[in-house]
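What follows draws every value from the coordinates through simple rules; no lab data is involved. Since the structure is predicted, the reported quantities are computational estimates derived from the model, not experimental observations. Note that we place each Cβ from the backbone using ideal geometry, even for glycine, and neighbour counts take in every protein chain shown.
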Amino acid sequence: MPLTMKRTLSLFLLAATLPLASLTQAAEWPTDTVRLVVPYAPGGTTDVLSRKVADLLQQQIGTVVVENRPGAGSTMATGQLARGGRGADHTILMASPGHTIGPVIYKKLPYEPVKDFKFIRNIIEIPNVMVVPADSPYNSVEEFVEAAKTKEMTFSSAGIGSSIHMSGELFKTMTGTKMTHVPFRGSGEALPALLSGDVDVSFENSRPCSPTSSPASSRRWP
């Protein structure tokens with residue numbers, strides 16, 4: 001039976017609970033620039049979509065600035081937002097599955113992913129797809145699995161705890177293959193590594209083409 005690898009990425013807006021409680025009581029909000037925090041490096045799906053969201057928000061509430069704060073599978077930026085501080089009441093987080101995966105992987109994080117945040121809105125759901133470079137010797141999932149059972153492969157991701165990382169680990173479990181995880185700060189760095197052949201495979205978010213990803217430079221298997 002053909003093996004299909006598709007997992008869904010959900011992106012949603014979050015705000016720290018306490019700052020949100022104060023800003024909802026202020027009819028004049030926002031009184032300052034709103035910061036939309038992206039917990040990954042520029043160039044990935046979360047970053048691209050965040051900039052589109054910022055453009056739409058700007059039409060409604062005023063100036064919105066996108067800030068990239070990559071690190072530790074999104075937990076670094078999330079922890080900063082949870083701690084509050086200056087400008088916290090004007091800061092919103094573009095969260096991904098890493099928001100709830102992180103606390104399972106990293107112990108003693110300075111926040112609780114549900115209690116410390118207020119859900120605002122679900123933005124989009126995107127499938128993850130298994131991809132290899134266009135010049136890869138493997139033409140199907142079955143061929144890749146057969147090879148990965150005899151030699152160790154590498155797969156890139158947008159960081160430890162990202163949906164891409166988890167999709168790779170799930171693939172290993174489902175197929176009994178050997179693969180080494182190579183994490184990056186975001187897909188904007190992980191995809192070039194894949195296309196240059198530094199890693200064998202990735203389980204990237206399916207998204208429109210960008211300067212780092214084109215139909216001619218990578219291959220997807222359904």
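Test of understanding: what is the full-extension gain from residue 206 to residue 173, defined as 0.36 nm times their sequence separation minus their Cα-Cα distance?
Full extension of this stretch gives 9.7 nm more.
How much length is gained if the chain between residue 32 and residue 104 is pulled fully straight, taking 0.36 nm per residue apart and subtracting their Cα-Cα distance, in nm to one decimal?
Going from the current span to full extension adds 22.4 nm.
I need the phi-derived Karplus couplings for region 149-158: 6.51 cos²θ - 1.76 cosθ + 1.60, θ = phi - 60°, integer Hz, Gly and Pro marked x.
Residue by residue, region 149-158 yields 7, 10, 9, 7, 9, 10, 9, 9, 8, 7 Hz.
With θ set to phi - 60° and the Karplus curve 6.51 cos²θ - 1.76 cosθ + 1.60, what are the ³J(HN,Hα) couplings of region 116-132 in order, to the nearest whole Hz, using x for Gly and Pro?
Values, residue by residue: 8, 9, 10, 6, 9, 6, 6, 9, 6, 10, 10, x, 8, 10, 7, 10, 10 Hz.
In region 84-126, which residues have a backbone nitrogen under 19 Å from the label point lying 7 Å from residue 55's Cα in the Cα-to-Cβ direction?
The answer is 94, 123-125, whose backbone nitrogens lie closer than 19 Å to the label point.
With a cut-off of 8 Å between alpha carbons and a minimum separation of six or more residues, what is the relative contact order of region 78-196 in percent?
After rounding, I find 25 percent.
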